[in-house]
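One structure is given below, encoded as C-alpha cells.
Taken together, the values in this text are just the output of simple stated rules run on the coordinates, not laboratory data. Since we're looking at a predicted model, the values are computed, not measured. Positions of Cβ are backbone-derived with ideal geometry, glycine not excepted, and every protein chain shown enters the neighbour counts.
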Amino acid sequence: MDIAYFLLPFVVLIAAFFFLVVLPQRRRIASHQMLVDSLRAGDRIVTTGGIYGTVRSIAETTMAIEVAPGFDITVARGAIARLEPKAAPASTSDVAVTQHTDPDADADAGD
C-alpha cells in the first residue's frame, strides 16, 4: 500500500506533462504539416525568418519563393510559418483620401 502512495505523485506528474505539453505539441506539428501540404504555387506565405513571398514551385523538401519581381529563393518546406490571407482588390471608390494641411507648417518650417 505504501508503494501506491509513493508512485501516485509521479503518475500524476507524468499525466499532467502529457496533457499539457505533449498533446498540444502534437497538434501544432499536425497543423503545420497540413499547412505545408496544402500550399500551392501562387500562395503568399511568410517564412519563420520573416520573409514574405509567393510560392513558385514545390519540391519534395524545398520550395522556390519569389520575394521580389524576378528574384527567387529556395527554402525548406518546414520553414513556412503561415499562409497570408488573400487580399480582396480594393476599388478606388472604397478608399477615402484625405489630405491634412496645416497652415502653420509653412510658417514654422523657416524657423
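Observations on the structure shown:
- Residue by residue, the range 59-66 carries 3J(HN,Hα) couplings of 9, 5, 10, 9, 9, 9, 10, 8 Hz when phi is fed to the Karplus relation 6.51 cos²θ - 1.76 cosθ + 1.60 (θ = phi - 60°); x denotes Gly or Pro.
- Neighbours of E84 by Cβ distance under 11 Å: Lys/Arg scored +1, Asp/Glu scored -1, total +2.
- Residues with amide H under 5 Å from that of T62, placed H, sequence gap 5 or more: R77
- In sequence order, the range 11-16 has phi-based couplings of 5, 5, 5, 5, 5, 5 Hz under the Karplus curve 6.51 cos²θ - 1.76 cosθ + 1.60, θ = phi - 60°, and Gly or Pro positions carry x.
- Order of D72, D43 - criterion: other Cβ atoms within 10 Å of each residue's Cβ, fewest first: D72, D43
- Going from the residue with the fewest nearby Cβ atoms within 10 Å to the one with the most, S57, S38 rank S38, S57.
- Directionally averaged shadow of the range 40-86, computed from the convex hull of its alpha-carbon atoms, nm²: 3.0
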